[in-house]
Structures are given as C-alpha cells and as structure tokens.
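First the structure, in the form of structure tokens, and then the observations on it.
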Amino acid sequence: GTYCPRDGHWDPLPCPPGTFSGQVSMTKCTACPRGYICPGFGRVDPAICPAGFVCSHVGLRSPNLRCPAGFYCPNGTSTVDPFRNDTSLRPYPCTPGTYCLSGVGFAEVRIGDFYYAQPCTEGFYCESASYSPRGNGLCPIGFVCSLGTSTPKPAPLGWYAELQGTIQPATCLPGYYA
C-alpha cells in the first residue's frame, strides 16, 4: 500500500486513490486496472467494480458509469458496450419478461429492489433488454399479458380478450364462441 520515491524520502508514502501497491520496495504505485476501483489511500490490492456499475478506465477511484438501461452489470464490468464479444466483463441484456432501469446489477427478480431486474407490468410484455415497465408495448387484442410476460399469450378456446392490455381473458357469453 506504499511506495518509496527515489528523491530522498525516508518514510514510505501511501499510494494515492486510483493506485495500489501489493509489493514492498516499490518506487511507484500501479494504476488500478479496468474493471476495478482503488478508493482511498494505501491500497494493497484493487477492489472489483461493484455490480450495477462500469469501471471502463484505468486508475479509477470509483466507478465512472452506471450500467445502461435494459441491461445488468455483474461485478467487474469493464465496458459499457453490451455488444462487445471480446470480453465477458460487459453488460448483459435483461431476460425476457423483465425490465432493467439504469444501474441494475443482477438479472434475478426482486420486486421493489431496483438494484435487481423487475417483472414487466401487467397488460404489457417485455422482450429481451427492455428498459421500461411497459416494455415493448400493450398486449395486443386477442392476447393476455400477466405480470412478467415476455411474449403475449393467445386467449384460450372459449375465452376472449377484447381490448389491448388485457390481463385475464373473459369467458365467452352464451351464444358466442372464440
């Protein structure tokens, strides 16, 4: 966590924020790598970038970006580009049937905890990488969309869904069929 510059210092100096030193007798500290942060003085090793954030630069004291909406970022995310296939440390699309606001760290659903993915609102459907509770729009006529729907489901035989955004189908009245 310290370094000894060659300009006549007797006592070692603590590494400044954004750097670390895991060895003794170093003349300078090492910059914190991408995907990590080095908060505070005297770091012995870097801390992994927290979930929900992106650490895309070298020498960071704290994360420089929030995870983009529609995606979740696990620990150690080092790029904001979800389409980079050269690294596993990138944002991942939220699963179908859920949506992710900016700064989501996990694909797991925990209703009301926006650090986690949230289920798509009733009456709407959410395909992969949705960033709004209304996802890809209202459930179409003839289909039903309950909480967390990824693709609209057709109303079953003998039932109907007369309006857009139907949550539960209705039974056909006597003399009618569907």
Subset tally (residues that are within 12 Å of residue 34 (Cβ to Cβ) and touching a residue at least 24 places away in the same chain (Cβ under 8 Å)) for the range 79-97: 3
Residue list for the range 130-159, filter: open to solvent by 90 Å² or more (accessible area, probe 1.4 Å), more than 17 Å from residue 95 (Cα to Cα) and in a loop (DSSP other than H, G, I, E, B): 141, 157
Residue in the range 108-116 that is without any contact (Cβ under 8 Å) to a residue 40 or more places away in the chain, among the charged types (D, E, K, R), farther than 26 Å from residue 74 by Cβ and open to solvent by 80 Å² or more (accessible area, probe 1.4 Å) present: no
Sole exception among (1) open to solvent by 30 Å² or more (accessible area, probe 1.4 Å); (2) part of a strand (DSSP E or B) for residue 68, by number: (2)
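What are the residues in the range 117-129 that are in a strand (DSSP E or B) and without any contact (Cβ under 8 Å) to a residue 40 or more places away in the chain, if any?
Passing the criteria: 118, 119.
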Of all residues making up the range 13-38, the number that are farther than 30 Å from residue 66 by Cα, of a type outside the set (Ser, Thr, Tyr) and open to solvent by 70 Å² or more (accessible area, probe 1.4 Å): 3
Checklist (1) under 30 Å from residue 49 (Cα atoms); (2) of a type in the set (D, E, K, R); (3) open to solvent by 80 Å² or more (accessible area, probe 1.4 Å) applied to residue 162, failing item: (1)
Residue that is most open to solvent (accessible area, probe 1.4 Å), among those in the range 82-107 that are within 23 Å of residue 46 (Cα to Cα) and not polar (S, T, N, Q): 86
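Per-residue answers, yes or no, for (1) among the aliphatic types (A, V, I, L, M); (2) out of contact with any Asp or Glu (no Cβ under 6 Å at 6 or more places or on another chain):
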{"site": "83", "(1), (2)": "no, yes"}
{"site": "86", "(1), (2)": "no, yes"}
{"site": "96", "(1), (2)": "no, no"}
{"site": "107", "(1), (2)": "yes, yes"}
{"site": "112", "(1), (2)": "no, yes"}
{"site": "125", "(1), (2)": "no, yes"}
{"site": "144", "(1), (2)": "yes, yes"}
{"site": "162", "(1), (2)": "no, yes"}
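The values are calculated or read from the model by the stated rules, or taken from the named source; none is laboratory data. Here the structure is a predicted model, which means the values were calculated and not measured. When we count neighbours, we look across all protein chains shown, and the Cβ atoms used for this are built from the backbone with ideal geometry, even at glycine. With ligands, DNA and RNA removed, areas are computed over all heavy atoms of the protein, side chains included. Shrake-Rupley method; radii C 1.70, N 1.55, O 1.52, S 1.80 Å.
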